[in-house]
Amino acid sequence: MNSPFSRIGVVGAGAMGRGIVQLYAQCGHAVVLYDAHEPAVDAAIAHLRDTFGKLAEKGRITPEQAAAAMGHIAPAASLQDFAGCDLIIEAIVERLDVKREMFIALEEIVGPDCVLASNTSSLSITAIAAACEHPGRVAGYHFFNPVPLMKVVEVVQGPRTASAVVDRLVELSRIAGHTPVVCQDTPGFIVNHAGRGFGPESLRVLHEGVAEVPVVDRLLREQVDIGGQGFKLGPFELMDLTGLDISHPVMESIYHQYYEEPRYKPSVIGAQRVAAGMYGRKTGEGFYRHAGGAQQTPAEPPTPALPAGLRVWVAPGGMRDAVRELVSGLGAALDDGTAPAADSLILVTPMGLDASTAAQGLDATRVVALDTLFPFGLRACKRRAIMTTPATLAAVREAAHALFAADGAKVGVLRDSAGFVAQRVVAMIVAIGCDIAQQRVASPADIDVAVRLGLGYPMGPLAMGDAIGPRRIVEILAGMHRVTGEPRYRPGLWLQRRAQLGLSLLHED
Ligand SMILES: NC(=O)c1ccc[n+]([C@@H]2O[C@H](COP(=O)([O-])OP(=O)(O)OC[C@H]3O[C@@H](n4cnc5c(N)ncnc54)[C@H](O)[C@@H]3O)[C@@H](O)[C@H]2O)c1
């Protein structure tokens, strides 16, 4: 092994420190582990022995490899034991003052060429480095939990970080089988910044009273279909798993660090639930109840009966022919008039607009909107989304629900919302990904890799926007912006220019 580092010190023996020690001991590096709370080091080493033992039992590594990995790990009784290290990775408490003190202390112990890296998720690498005599040696090295399984790491470059330091950390990550992504020191780096679309926009949907929690989760898991894949977990399921005590402060911190950029605005619902101690699975109650670690998901509402003789008029729009084909395939009669007949259900298919706007000039009591952004054809989707205007009659809503479930698809029923649920959440993910690219935080390719591996999305935000079409994303955002007047939805420059010129969102200039 030709590693850029020969002896690695890890400070902090918690969840992240343990994972980092495992990663590097397993690929043959000498690792020294220190924690201010002495029993934490012993507990971590016992935990690692157990982990390597289990990996050997399962046949993932040989017993000899397990023994060798343990042989590479040494406990440190004090920070002085880091004297011979050429890299220190800090994974202590997430507090700037404590991290700065640690880096000052480390500089007094280690040699002038030793690299000092912080695993911070939310603090400024620049502010940590500013405390140091040699800020050029300081970089961010942001792993994800659990470290051995989350195979991506952000190598964060502050304005004074030496390029050689970044290069060495990149090389070290590759040796461990992790994918390094290089990014500039900006709030949230890539992954926690790009993650401001999914959860926060879904909270906003909830805040507007568009739908209940399980409806939103089901739509994002089952309606979204990008290259055959959706999101593995709904946003509220994910927040319950992570714990709102962790995710809400991240939302607040990124919002404030970007000087109250409206795109990242957190929700009062999050703040209130944190205050109530409803963190999610760890407290037994979050957006769902949890019993014995299992989420209790309310049953899907029953599908109403399809009224006999239902006639549907499909309003003009891009997908009109496909929607008419679906309606007729589902068993309703088509109203072919140039205007809807007096008793027809009126179907609109807005992009970025709400049903009320799409119902202008029509009888809103009979208007229902169908989301056509993702596959919606006959027996071609798991779930469809429909929404109503505030004036839509309940009987009309129920007839549409029954109709769109007639081929066995599930239906998510929403109150009026500019962009339904899926359009607005996906468009926000793309918009934020584009903003990150515009700010040159990282290369477009690295942004997408980081998000796919770090957040488990089916595609990175830029490839996602390309798959849907940059012009379509602009149309959705512009529609949402127009209806709501919210600057959070304005299409950004990276996106607009590429849409105008017919370029890929991954196109770098
Ligand atoms: N947990 C995650 O999902 C995650 C993901 C990425 C990054 N991070 C970041 O990694 C760091 C550690 O997170 P964690 O989840 O492992 O925390 P943790 O609470 O599990 O462990 C932190 C450890 O640091 C020790 N410690 C605290 N102050 C210390 C000091 N001054 N000197 C030496 N040891 C000290 C504590 O005793 C504890 O054992 C934080 O900066 C966090 O933001 C966490």
Inset, instruction - Could you check how many residues of the stretch 173-191 are in a strand (DSSP E or B) and either of a type in the set (A, V, I, L, M, F, W, C) or buried (at least 20 other Cβ atoms within 10 Å of the Cβ) (or both)? - result: 4
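Filter the stretch 18-32 down to the residues that are within 14 Å of the ligand (Cβ to nearest atom) and within 31 Å of the chain's Cα centre (by Cα), then identify the one that is farthest from His178 (Cα to Cα).
It comes out as Arg18.
Going by the structure shown, is Ser202 within 16 Å of the ligand (Cβ to nearest atom), hydroxyl-bearing (Ser, Thr, Tyr) and either assigned to a strand (DSSP E or B) or crowded, with 22+ Cβ neighbours inside 10 Å (or both)? If you could, list the steps in order and put the result at the bottom.
Numbers: within 16 Å of the ligand (Cβ to nearest atom): no; hydroxyl-bearing (Ser, Thr, Tyr): yes; either assigned to a strand (DSSP E or B) or crowded, with 22+ Cβ neighbours inside 10 Å (or both): yes.
Spelling it out, it is not the case that Ser202 is within 16 Å of the ligand (Cβ to nearest atom), hydroxyl-bearing (Ser, Thr, Tyr) and either assigned to a strand (DSSP E or B) or crowded, with 22+ Cβ neighbours inside 10 Å (or both).
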Legend entry - Members of the stretch 21-33 found to be touching a Pro at 6+ places or on another chain (Cβ under 9 Å) and part of a helix (DSSP H, G or I), listed by number: Gln22, Leu23, Gln26
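Return yes or no: is Leu370 buried (at least 21 other Cβ atoms within 10 Å of the Cβ), at pLDDT 95 or above and in contact with a Gly (Cβ under 9 Å, 6 or more places away or on another chain)? Before the answer, list the steps.
Values: buried (at least 21 other Cβ atoms within 10 Å of the Cβ): yes; at pLDDT 95 or above: yes; in contact with a Gly (Cβ under 9 Å, 6 or more places away or on another chain): no.
Considered against the rule, which asks whether it is buried (at least 21 other Cβ atoms within 10 Å of the Cβ), at pLDDT 95 or above and in contact with a Gly (Cβ under 9 Å, 6 or more places away or on another chain), Leu370 comes out as no.
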Legend entry - Test: Glu101 is part of a helix (DSSP H, G or I) and within 15 Å of the ligand (Cβ to nearest atom): yes
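Of the residues Arg490, Arg498, which single one is surrounded by 24 or more Cβ atoms within 10 Å (Cβ to Cβ) and either touching a strand residue (DSSP E or B) at 6+ places or on another chain (Cβ under 7 Å) or outside the structural domain of Ala355 (by TED's automatic domain parsing) (or both)? Before you say what the answer is, go through the steps one by one.
Values: Arg490 fails: surrounded by 24 or more Cβ atoms within 10 Å (Cβ to Cβ).
Selected residue: Arg498, the only one of Arg490, Arg498 that is surrounded by 24 or more Cβ atoms within 10 Å (Cβ to Cβ) and either touching a strand residue (DSSP E or B) at 6+ places or on another chain (Cβ under 7 Å) or outside the structural domain of Ala355 (by TED's automatic domain parsing) (or both).
Listed here are the residues, each with its yes/no results for (1) of a type outside the set (Gly, Ala, Ser); (2) over 24 Å from Glu208 (Cβ atoms); (3) not in a strand (DSSP E or B).
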position: Asp245; (1), (2), (3): yes, yes, yes
position: Pro266; (1), (2), (3): yes, no, yes
position: Gly277; (1), (2), (3): no, yes, yes
position: Pro307; (1), (2), (3): yes, yes, yes
position: Ser328; (1), (2), (3): no, yes, yes
position: Gly337; (1), (2), (3): no, yes, yes
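A quick yes/no check of all residues on (1) buried (at least 22 other Cβ atoms within 10 Å of the Cβ); (2) within 14 Å of the ligand (Cβ to nearest atom):
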| residue | (1), (2) |
| --- | --- |
| Gly9 | yes, yes |
| Ala15 | no, yes |
| Asp42 | no, yes |
| Gln65 | no, no |
Legend entry - Residue in the stretch 84-96 that is within 19 Å of Ile8 (Cβ to Cβ), within 16 Å of the ligand (Cβ to nearest atom) and among the basic types (Lys, Arg) present: no
Legend entry - Number of the condition not met by Val115 [criteria: (1) more than 13 Å from the ligand (Cβ to nearest atom); (2) surrounded by fewer than 21 Cβ atoms within 10 Å (Cβ to Cβ); (3) under 35 Å from the mean Cα position of the chain (by Cα)]: (2)
Inset, instruction - Would you be able to tell me the number of residues in the stretch 374-395 that are touching a strand residue (DSSP E or B) at 6+ places or on another chain (Cβ under 6 Å) and aliphatic (A, V, I, L, M)? - result: 3
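The values are calculated or read from the model by the stated rules, or taken from the named source; none is laboratory data. In this text, all values refer to a predicted model and were calculated from it rather than measured experimentally. Note: ideal-geometry Cβ built from the backbone for every residue, glycine included; neighbour counts use all protein chains shown.
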